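Take a look at the structure below.
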Amino acid sequence: MSNTEYVEEIFARSPQPTLGVEWEVALVDPVTRDLVPRASEIVDAVADTAPDIHLEKEFLQNTVELVTGICHTVPEAIAELTTGIRAVQAAATARDIRVWASGGHPFSDFRKTRSRKRNPIRKLSTAPSTGASRCCCGARTCTSVSPTRTACGRLSMR
C-alpha cells in the first residue's frame, strides 16, 4: 500500500501505556425522538458551567463529542466520560432535549441532517457511504501500548 492510499496519524510518544476516548452522542426531541440540531447550545452551556470538560461540536449539528484527556487507566477514562455525559445530560434536559447514544438513528434520513456550515469537512456529507456513517454515534479509542506504537479504533454501536 502506498502512502497515498491512507492517512498516517502521528501521536506524541508516551513512556507508558495510555488511553484516550472520544464518545459521540446525539440529541433528540423527547416527544418525537427525532434528532435535533442544537449541539452548539449544549457544548456552549457545558463550557460555561464546567470548563474542564472537553466537548467538541461535531460535523452534524445534532452530535456532541465527549473527549477524555490522556488517561492511564480504563477507570480514569470512564470517570471522565461519566462526568462529561452527566454535564451534557443536565444541559440538554434544561433545554427539553434528551441525549441518545446507540449507533445509527432508526428513522432519521442523513441527507436531511444539518451539518456545521463552517466545518472544513462539509463536503463529506455528499459521499453516500460517509454521510450515512456520520449519523452513527459511537466511541473512538486511541491507546498507546508502548513508546513507539499507538493503536486507534472506532467502537460503533450499530
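Throughout, read-outs are computed from the coordinates displayed, never taken from laboratory work. Source: prediction; values computed, not measured. Every residue, glycine among them, receives a Cβ derived from its backbone with ideal geometry; neighbour counts consider all protein chains shown.
Ordering 41-47, 96-102, 61-67 by mean Cβ neighbour count within 10 Å, with the highest value first, yields 61-67, 41-47, 96-102. Neighbour counts of other Cβ atoms within 10 Å put His54, His72 in the fewest-to-most order His72, His54. Full extension of the chain segment joining Thr83 with Ala50 gains 10.9 nm, where the gain is 0.36 nm per residue of separation less the Cα-Cα distance. The modelled label-to-label distance for the pair Arg98/Thr73, using points 7 Å beyond Cα in the direction of Cβ, is 3.5 nm.
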